[in-house]
Amino acid sequence: MAGPEKLLTSPLNRIPSGLLDFFRIKSMGQYPQRLGDTVLPIMDLFRFYADDQATEVFFSGAQIVADTGTTTFSITSTSPVDITTGGVLLVPNGEIWIVLEGSVSWNMTTTGTADFGLVGLGQPNGLAWLFPMSLTGFTQGVVGAARGGRRALDRPMFMRPGTQLAVYCAGVTIAGGTTDWTVRFRLLRLAI
C-alpha cells in the first residue's frame, strides 16, 4: 500500500485540454507534474492576516437594577476606539465586517437569573437574528456560588452594510441586586 509520500510524488495523469496543453507549451508558469507540486505549497494565511488587521473593542452596559423581560440593548460606544455611528454599532456602507470573536459576560450581585447574547438587526431581511453562541458559567445565580456567565461566538460571522450589532437580553430576574454586563468584539473591517 502506498504511503502519503508516494502519493505526493506520483505523476499526475490527465488528458490535455487543448493543443498548447498537448505540446506542453504554456506562455507563463509551469504545469504541475506531481500531486505534491499542487498540494504542498498551499497555505491558508487568513488567520495571520486577521490577527494583524483586527480591531478589538469593548462596551460596558448600564447596570440592570430591576427585573427585565426580553429586550435589546444598543451598543452606544466602544473603547479603546469608538466605532459606533450615532449611538449604535452599525456596519457602515462600503464595509463588510467579519466578527472573528464576540462575547457577552454578565455578573449578578445577588440571587437571580440572567441570560444575554449578541444579535444582528436589520439585515438581511429586516429582522433580528441571534448569533450562534455557547454558554460558559451560569444563567442562574445562587447564594454562595458563582453568579455570572458568558456567551461566546461559536464561529466567525459576516455582517453586511447596514447591520446593527446589539446585545440581546433573554431576561433578568434579580432579588434586590444588580446585574452588570460587558461586550467584547474582535472584528475585521473590510472595504468593499
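Some values worked out for this structure:
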item	result
Among (1) surrounded by fewer than 19 Cβ atoms within 10 Å (Cβ to Cβ); (2) modelled with pLDDT under 90, the one test that W106 misses	(1)
Count - residues of segment 54-88 that are over 27 Å from G176 (Cα atoms), exposed (fewer than 11 other Cβ atoms within 10 Å of the Cβ) and touching a residue at least 24 places away in the same chain (Cβ under 8 Å)	1
Qualifying residues in segment 138-189 (those that are modelled with pLDDT of 80 or more and of a type in the set (K, R)) - the one nearest to the chain's Cα centre (by Cα)	R155
Breaking point among (1) exposed (fewer than 15 other Cβ atoms within 10 Å of the Cβ); (2) modelled with pLDDT of 90 or more, for I96	(1)
Yes/no for D21 being in the same structural domain as G120 (by TED's automatic domain parsing), at pLDDT below 85 and either touching a His at 6+ places or on another chain (Cβ under 8 Å) or not in a loop (DSSP other than H, G, I, E, B) (or both)	no
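The values are calculated or read from the model by the stated rules, or taken from the named source; none is laboratory data. Treat the numbers as computed from the prediction; the structure is a model and nothing was measured. For neighbour counting, all protein chains shown are included, and Cβ atoms are generated from backbone atoms with ideal geometry for every residue, glycine included.
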